[in-house]
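Visitor: Sharing a structure below in structure tokens format, with a few things to ask.
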Amino acid sequence: MYDVIIIGAGVAGASFANKISRFAETLLIEAQDYNKEIPVRTNIFAEHNKPYIEEKFWNDQTIFPRPFLQLNYKSDKYDGLLNSEEFGAPLGKISHTEVFLKKLLNNFDNQGGTAHYNERIIKVNKHKDYIEIINDKGEAYKSKLLALATGSRGFDLQRSLGFEIPDSYMGIYTNIFADEELLDGNFNFQYMFHLNPNISPNGPFFFNVGKGRVSTGYLGNKESHNELSDKLDRILQNYEKIQKFMNGLSWNKNEFVSGSISKHPIKSFTKDRMIILGEAAGIVTAYFYEGILCGLVCADVASDLIKTLLENNSNFTKAELIKYEQEISQILLKGYFRNGDACEYLFYGGGAYVKSLWSTYTNLLLTNETVRKYVYEAHTIQDLSKYDTDRDRYVGERLFSALPTLSKLTLGPRFFKAMLK
Ligand SMILES: Cc1cc2nc3c(=O)[nH]c(=O)nc-3n(C[C@H](O)[C@H](O)[C@H](O)COP(=O)(O)OP(=O)(O)OC[C@H]3O[C@@H](n4cnc5c(N)ncnc54)[C@H](O)[C@@H]3O)c2cc1C
């Protein structure tokens, strides 16, 4: 009998496995064959993630080969640049996330944790004193507690356990490998977030610039792989606004990766003997689609609580696990997530006004130092439970005042509603 079984070794599951295996007999099960390869991902890792990872990982240059120094909130008209040097330390780091996962899992292994890769869990049976988990080969394992960290790929299992399912969308990306010098010449930023409703009314087109590689793609709605893939190919080839970044880069359409991304947190993250972590619970910010932070926070909060419950010989009832939900809510949902909800309401959905609103915002970023400072501080704040939504209100008000009179009349009610989010 294990103390804890974790299903899913993404950022949420691998971080939780790494932390909890110091105190608990832990089994981690992942459907992908990580022994062959952990899929390459190049991500933005904001400075506000720092409290949730170990110092030795934070300082590891194989995981984080580049600082995140400059962002570009790009519109049709402007490169809305924010350079961290204006305010001090970097905005964060760029992560080669597969290296991060590998190191978390090595640590897990060294601490005595057991990992099974290339194994899918297809059934879970709940009993009063334990949970039984059955894989696709018919093998069964028992545990006192089950942690679901299945991202957007385990919804059937999640449903069968009585958990809600978050809203789910499709996205596509690819990693383009190139000389560092070439990339440095093409990109004067590490992260570009670009809104254009013709690309997608539901999410950004982005560049995440790593070391010797850049990840690019966009987040859409419910399109098929072929639709997403054809469009990404056309954008990379022809979209005038990004051609200056594409000089000398080549890509292979067959390597494009599409998949679901979920957001809008479900109501409850716990049941008797069960918790749910990260994207599976829809704990991803609604506007920037920041999911790594959320996986890390879930792992941190869960391991602190489970450690105490194990020490007290707990039965892991919902009443005891509820503290996990309360803490997640305190750190993420009550403050920081409201920024995402308001921006999602203003900028997504495909209204005709979005292009000009986004242009006005990117110009505001270029011209208003306080707005830049607030964006900088949202990336670098070390205690997210103290995130101050008044700052978002200030930016919202400045944005509204910068709009042409006619837009003010039409968008007034929308801004008012966004402020209430
Ligand atoms: C294109 C794109 C770019 C992004 N960029 C960023 C970024 O720069 N910064 C950021 O913060 N966030 C980013 N995100 C969001 C972020 O990457 C995700 O929200 C986060 O990684 C989710 O982590 P997770 O561990 O919750 O889930 P996942 O990483 O999805 O892991 C879930 C794991 O569970 C396994 N699994 C599922 N079901 C089963 C089963 N039944 N049995 C066994 N295993 C199972 C899956 O194989 C998978 O490995 C991006 C998302 C996308 C789509």
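The values are calculated or read from the model by the stated rules, or taken from the named source; none is laboratory data. Keep in mind the model is a prediction, meaning the values are calculated, not measured. Counting neighbours? That spans all protein chains shown, and the Cβs are built from the backbone with ideal geometry, glycine included.
Visitor: Considering only residues that are of a type in the set (Ser, Thr, Tyr) and under 18 Å from the mean Cα position of the chain (by Cα), look in segment 12-58 and name the one that is nearest to GLY154 (Cα to Cα).
Guide: SER15
Visitor: So, in segment 215-251, how many residues would count as being more than 20 Å from SER75 (Cα to Cα) and touching a strand residue (DSSP E or B) at 6+ places or on another chain (Cβ under 7 Å)?
Guide: 8
Visitor: Provide a single number: the residues in segment 19-44 that are part of a loop (DSSP other than H, G, I, E, B), within 12 Å of the ligand (Cβ to nearest atom) and more than 19 Å from TYR173 (Cα to Cα).
Guide: Final tally of qualifying residues: 3.
For every residue, the table says whether it meets (1) free of Cβ contacts under 8 Å to residues at least 24 places away in the same chain; (2) near the ligand (Cβ under 9 Å from one of its atoms); (3) touching a Lys or Arg at 6+ places or on another chain (Cβ under 7 Å).
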site	(1), (2), (3)
SER250	no, no, no
LYS253	no, no, no
SER262	no, yes, no
ILE266	no, no, no
ILE275	no, no, no
GLU279	no, yes, no
GLY282	no, no, yes
PHE288	no, yes, no
LEU293	no, yes, no
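Visitor: Here are some residues: GLU325, GLU320, GLU344. Which one is closer than 24 Å to GLU290 by Cβ and in the same structural domain as PHE16 (by TED's automatic domain parsing)?
Guide: On the way: GLU320 fails: closer than 24 Å to GLU290 by Cβ; GLU344 fails: in the same structural domain as PHE16 (by TED's automatic domain parsing).
Unique residue meeting the criteria: GLU325.
Visitor: Sticking with this structure for a sec: From the residues in segment 342-359 that are under 23 Å from the mean Cα position of the chain (by Cα) and crowded, with 17+ Cβ neighbours inside 10 Å, which one is farthest from ILE199 (Cα to Cα)? Don't jump to the end; show me each part of the working.
Guide: Kept after step one, since they are under 23 Å from the mean Cα position of the chain (by Cα), are these residues of segment 342-359: 342-350, 358.
Checking the rest, the ones that are also crowded, with 17+ Cβ neighbours inside 10 Å come to 342-348, 358.
Values: ALA342: 21, CYS343: 18, GLU344: 16, TYR345: 18, LEU346: 17, PHE347: 13, TYR348: 12, TRP358: 14 Å.
Across segment 342-359, the extreme among qualifying residues is ALA342.
One line per residue, one yes/no per condition, for (1) under 22 Å from VAL301 (Cα atoms); (2) in contact (Cβ under 8 Å) with a residue 12 or more places away in the chain; (3) within 13 Å of the ligand (Cβ to nearest atom):
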residue: ASN49; (1), (2), (3): yes, yes, yes
residue: GLU55; (1), (2), (3): yes, no, no
residue: LYS93; (1), (2), (3): no, yes, yes
residue: LEU104; (1), (2), (3): yes, yes, yes
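Visitor: Against the definition (part of a helix (DSSP H, G or I) and within 16 Å of the ligand (Cβ to nearest atom)), how does LEU321 come out, yes or no? Even if it seems obvious, please write down each step before you answer.
Guide: Values: part of a helix (DSSP H, G or I): yes; within 16 Å of the ligand (Cβ to nearest atom): no.
In short, no.
Visitor: Would you confirm whether or not segment 213-220 contains a residue that is β-branched (Val, Ile, Thr), within 13 Å of the ligand (Cβ to nearest atom), within 17 Å of the chain's Cα centre (by Cα) and in the same structural domain as ASN43 (by TED's automatic domain parsing)?
Guide: Step one: list which residues in segment 213-220 are β-branched (Val, Ile, Thr), which gives 214, 216.
Add one more test, that the residue is within 13 Å of the ligand (Cβ to nearest atom), and what stays is 214, 216.
So of that shortlist, the ones also within 17 Å of the chain's Cα centre (by Cα) come out as 216.
Of the ones still in play, those that are also in the same structural domain as ASN43 (by TED's automatic domain parsing) are none.
Among the residues of segment 213-220, not one is β-branched (Val, Ile, Thr), within 13 Å of the ligand (Cβ to nearest atom), within 17 Å of the chain's Cα centre (by Cα) and in the same structural domain as ASN43 (by TED's automatic domain parsing), which makes the answer no.
Visitor: Go through segment 113-165 and give me each residue that's among the β-branched types (Val, Ile, Thr) and out of contact with any strand residue (DSSP E or B) (no Cβ under 7 Å at 6 or more places or on another chain). Reasoning before the result, please.
Guide: The initial filter retains those residues of segment 113-165 that are among the β-branched types (Val, Ile, Thr), namely 114, 121-122, 124, 131, 133-134, 150, 165.
Of everything in segment 113-165, just one residue is among the β-branched types (Val, Ile, Thr) and out of contact with any strand residue (DSSP E or B) (no Cβ under 7 Å at 6 or more places or on another chain), namely ILE165.
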